[in-house]
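A.B. asks: I am attaching a structure below and will ask some questions about it afterwards.
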Amino acid sequence: MPDAAPRSADGGPGLTLGMLDTHVLNLRGWGRPTKIKRTQFHREWREEWTYQSPQEGGRQLEFVNGKLAGIM
């Protein structure tokens with residue numbers, strides 16, 4: 001079954017659910033996170049990327065198997 005098309009998300013310009021982690025790294029205003037927390041459960045890899053900014057506070061992105069799954 002093919003993957004669903006990326007959906008728009010409330011995370012800023014260009015950030016969409018379903019996009020690859022490598023694409024997020026190359027997006028203007030995102031880039032490398034301050035912290036990455038990785039966990040594995042069976043065949044699923046999860047990463048929680050934390051961005052710390054004095055202006056915005058903290059923002060987090062959640063990836064499942066390399067695809068953006070949530071914006072917090």
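A.B. asks: Output yes when any residue across the stretch 3-26 is touching an Asp or Glu at 6+ places or on another chain (Cβ under 9 Å), at pLDDT 95 or above and of a type in the set (Val, Ile, Thr), and no when none is.
C.D. replies: no
A.B. asks: Still on this structure, please answer the following. For the stretch 19-64, which residues satisfy the criterion of being surrounded by 12 or more Cβ atoms within 10 Å (Cβ to Cβ) and not in a strand (DSSP E or B)?
C.D. replies: MET19, ASP21, HIS23, VAL24, LEU25, LEU27, TRP30, PRO33, listed by residue number.
The values are calculated or read from the model by the stated rules, or taken from the named source; none is laboratory data. A quick note: this is a predicted structure, and the numbers were derived from the prediction, not measured. Please note: Cβ atoms are built from the backbone with ideal geometry, for glycine as well, and neighbour counts cover all protein chains shown.
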